[in-house]
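One structure is given below, encoded as structure tokens.
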Amino acid sequence: MKINVIGTSGSGKSTLAKQIATALSIPCIEMDRLYWQADWQGTPDDEFQEKLEQALQASPDWVLDGNYNRTRPVKWRNVDVVVWVDYGFARTLRQAVTRAIKRAWHKHELWPGTGNKESFRRAFFSRESIIIWTIKTWRNNRTRYEADLQNPQYSHIRFVRITRREQVETLIASLKSYS
């Protein structure tokens, strides 16, 4: 079973990806961990694509957490299921703000070895703000993913759209029976 969990930043995709991976006893691959380097520097695309290829080939089954639309040719080539976490704007924004506050308060390193930690300044008062990113991308992501559901290029993929938290248990049960 190869699953990609997608959704706007703050939607809960990382939490859901980990939950699915635990329920199915398969690895969870966090795309942010592959992408981000020290001092909030991104990995160049060719190197990022290679890291992603290696991570996906390391196991016959996986749950991939992340969007990074430019990686679709790699991540969706053999994917079985794409789970789109599509909560409403207010809820997604609230979750993004709550997460940013918790991360800034606790100052935990987000991805091992990077030293990257969220700060209140970065989260709320900078151009790199995850809050601003959530606001800017929510509508565009929704439009893009709705088009993907209809795109014949992705007809080999089973799409599941989660719009309410209550749907998660049903999703996990169906994935267990599907695998």
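The values are calculated or read from the model by the stated rules, or taken from the named source; none is laboratory data. Just so it is clear, the structure is predicted and the values come from calculations on it, not from any experiment. Heads up, the Cβs are rebuilt from the backbone with ideal geometry, glycines too, and the neighbour counts pull from every protein chain shown. For the accessible areas, the whole protein counts, side chains as well, though only heavy atoms, and no ligand, DNA or RNA atoms are used. Shrake-Rupley method; radii C 1.70, N 1.55, O 1.52, S 1.80 Å.
General remarks:
- Of the trypsin sites (Lys or Arg not before Pro) found in segment 85-137, those in coil by DSSP whose Cβ has at most 11 other Cβ atoms within 10 Å are Lys107, Arg127.
- Sites Glu109 and Ser59 - FRET efficiency at Förster radius 22 Å, r taken between beta-carbons, to 0.05: 0.35
- Considering only alpha-carbon pairs that sit under 8 angstrom and 6 or more positions apart, the relative contact order computed for segment 92-135 is 39 percent.
- Kirkwood Rh and Cα Rg combined as Rg over Rh, evaluated for segment 7-46: 1.06
- Note on the chain: helix-only mean residue ellipticity at 222 nm, from DSSP H runs of 4+ residues weighted -39500 (n - 2.57) and normalised by residue number, equals -15500 deg cm²/dmol.
- Estimated from the Cβ-Cβ distance and a Förster radius of 25 angstrom, the FRET efficiency linking Thr143 and Gln167 is about 0.70.
- Pairs beyond 21 Å (Cα-Cα), from Lys2/Lys102; Lys51/Lys176; Lys18/Lys176; Lys2/Lys51; Lys13/Lys176; Lys13/Lys117: Lys2/Lys102; Lys51/Lys176
- Positive-end extreme of charge dipole, segment 94-179 - chosen from Gln167, Thr137, Thr98 (charges on Cβ): Thr98
- Nearest-ten-degree value, helix 167-178 long axis tilted from longest Cα axis of the chain: 40 degrees
- Rolling a 1.4 Å probe over the heavy atoms of the protein chains gives the chain an accessible area of 55 Å² per residue.
- In segment 124-179, the GluC sites (Glu not before Pro) that fall in loop regions by DSSP, at most 16 other Cβ within 10 Å: Glu128, Glu166
- Between the helical axis of 13-24 and the longest alpha-carbon principal axis of the chain there is an angle of about 40 degrees.
- Nonpolar atom fraction for the chain, defined as the carbon and sulfur part of the 1.4 Å probe accessible area, stands at 51 percent.
- Equivalent ellipsoid semi-axes - Cα gyration tensor, the chain, angstrom: 25, 19, 16
- Rg(Cα)/(2.2 N^0.38 Å) for segment 52-134, N = residue count: 1.33
- Extending 7 Å from Cα along the Cβ direction at Thr22 and again at Trp40 yields two label points whose distance is 3.0 nm.
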